[in-house]
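Worksheet: the structure to be examined is printed underneath.
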Amino acid sequence: MWKFLIITLVLAAGGYAAWRYLPIRTTTAEEKKKDEGPKTAEVTKGELKVVIQASGRVVPNQEVEIKCKASGEVIKLPVDVSDTVKKDQLLVQLDPVDENRRLKQANVKLAGSQAKLEQAKLRLKIAERELVTEKMRADASLRSAQARVDETKRKLERDRAMMEGGAASREEYEKALSSEIQAQAALESAKARFDELETQKVQLDNLRQDIKIAEQQVESDQIAVSDADQRLKETTVLSPIDAVVADRKVQPGQIIASGINNVGGGTTVMTLADLSRIFVLASVDESDIGRVEPGQRASIVVDAYPDAYFPAKVVRVAPKGVNASNVVTFEVKVEVLGPRRRLLKPEMLATVSITVVDKSDVLMVPVASVERRRRDRFVTVVKEDGTEEDRQVEVGASDGEQMEIVSGVTKGEKVLLKFAGGQSRWQQSGDRDKARQERMKKGMQMRMMGGSRRR
């Protein structure tokens, strides 16, 4: 009895449920089937803009690390962080006492070498004059001796003839012979004097070499003076550019090490930033870098001014990428334009939007209506009578939702949307790119935060 009642109740409940819910399900299925019918879109004309987003950091036009070539105690430090400095303005003054002393020592040594050079020149001049005088004397002696020899020879010949003729005695002849011999000896002595003159000429060459050595010493001492003077000047450090003091690492009274003589590179005194031009170094994904070129327009957004857009332009695209965790990015340098660029500070994180395509009055269709067949693109045109026609088209740029049609369709024609949900492979790829850019942005922010904590 009880089993019969239970079965009856179950059947009654099932019948009620079928009566109550079946019409609704049927209606819903019919409506869903109706909604799943072919969807179309109209070929329109309008503006097509493609923007690539990337993350980066703000950098100045140039950043100069100031170090001193000299070592010593800081006695003047007239500038501090955020101060504006002009080219050749005093930044640091070191104590110049030691360098002044070295300069004086170098000058004293130079004066001594210059005096020695003058002495060497004077000795050469005297020796040259003495040589000229001695040569004149030697010439006169030689001529006199030659004349004496000639005279004694003639007298000897006369006395010999006279002696043989009995007009002169042998004593007179021997006396004439002795005079002739003495004259010959005097002539030989005069000739030997010229050999001595040759020796003096060799001594002149030695004196000239002494002058060259003295000149080299003077030149060496002049270099030493110049070096000492330069080291003295290096105790005064002037600004190499018009800039702003971004960082200062020393205090008055501190002893600093030379950036040249110190193995560790010396002490960094301060860092100057040239803010006359402001740039952003953005990391662009490899899938987008092919569309980025110098001269393209861009805009910058930073967290410090979330409602402000800073105009910019691309000035440089790196030829080589950087691989980090199997994600390859390329550095793109973007210059910030306009007077408001001075609001940006170096090392700020920035979002860069680069306009790679900006066209107006172009034919467009939804990306979901374009189908790829090998290398060609096709759309299905729905005519007014409801018939469909596959038509080959030439496509241009795409923003992920709309695609430019260069030729193949006309404005006002209707095309069939061929992909479920209205999303094609280009849209899906665009979504993946956006997701990857978001991951890159977060990754870069984490790296920058980590770097800030280390600093």
Q) What tally of residues in segment 211-256 results from selecting those that are more than 30 Å from Leu124 (Cα to Cα) and either in a loop (DSSP other than H, G, I, E, B) or among the charged types (D, E, K, R) (or both)? A) 18
Q: Scan Glu188, Glu234, Glu180, Glu219 and give me the residue that is farther than 30 Å from Val59 by Cβ, buried (at least 17 other Cβ atoms within 10 Å of the Cβ) and either modelled with pLDDT under 90 or of a type in the set (D, E, K, R) (or both).
A: Glu180
Q. Given Glu130, Glu157, Glu134, which one is surrounded by 15 or more Cβ atoms within 10 Å (Cβ to Cβ), charged (D, E, K, R) and at pLDDT 70 or above?
A. Glu134
Q. If you take the residues in segment 300-336 that are surrounded by fewer than 19 Cβ atoms within 10 Å (Cβ to Cβ) and of a type in the set (Ser, Thr, Tyr), which one is farthest from Leu349 (Cα to Cα)?
A. Ser325
Q) So which residues in segment 330-345 are in a strand (DSSP E or B) and closer than 18 Å to Val58 by Cβ? A) Glu331, Val332, Lys333, Val334, Glu335, Val336
Q: Determine the pairs where a residue that is free of Cβ contacts under 8 Å to residues at least 12 places away in the same chain, located within segment 229-252, has a partner that is surrounded by 15 or more Cβ atoms within 10 Å (Cβ to Cβ) and in a loop (DSSP other than H, G, I, E, B) with Cβ atoms under 9 Å apart, the partner being 6 or more residues away or on another chain.
A: Gln230/Lys69; Lys233/Ala70
Q) In this structure, does Gly421 turn out to be modelled with pLDDT under 50, more than 24 Å from Phe330 (Cβ to Cβ) and outside any strand (DSSP E or B)? A) yes
(Q) With the requirement that a residue be surrounded by 12 or more Cβ atoms within 10 Å (Cβ to Cβ) and in contact with an Asp or Glu (Cβ under 8 Å, 6 or more places away or on another chain), what does segment 370-391 give you? (A) Arg377, Phe378, Val379, Thr380, Val381, Val382
(Q) Against the definition (hydroxyl-bearing (Ser, Thr, Tyr) and touching a strand residue (DSSP E or B) at 6+ places or on another chain (Cβ under 6 Å)), how does Thr84 come out, yes or no? (A) yes
Q: Kindly check whether there is at least one residue in segment 250-258 that is over 30 Å from Asp358 (Cβ atoms) and surrounded by 19 or more Cβ atoms within 10 Å (Cβ to Cβ).
A: yes
Q) What strands (runs of 3 or more DSSP E) lie completely within segment 257-329 and have 3 or more residues being in contact (Cβ under 8 Å) with a residue 40 or more places away in the chain and out of contact with any Ser or Thr (no Cβ under 8 Å at 6 or more places or on another chain)? A) 268-285
**Q.** Condition met for Ala145 (of a type in the set (A, V, I, L, M), at pLDDT below 90 and within 23 Å of Ser179 (Cβ to Cβ))
**A.** yes
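The values are calculated or read from the model by the stated rules, or taken from the named source; none is laboratory data. Just so we're clear, the structure is a prediction, and the values are computed from it rather than from any experiment. Methodologically, a virtual Cβ is constructed for each residue, glycine included, from the backbone with ideal geometry; neighbour enumeration extends over all protein chains shown.
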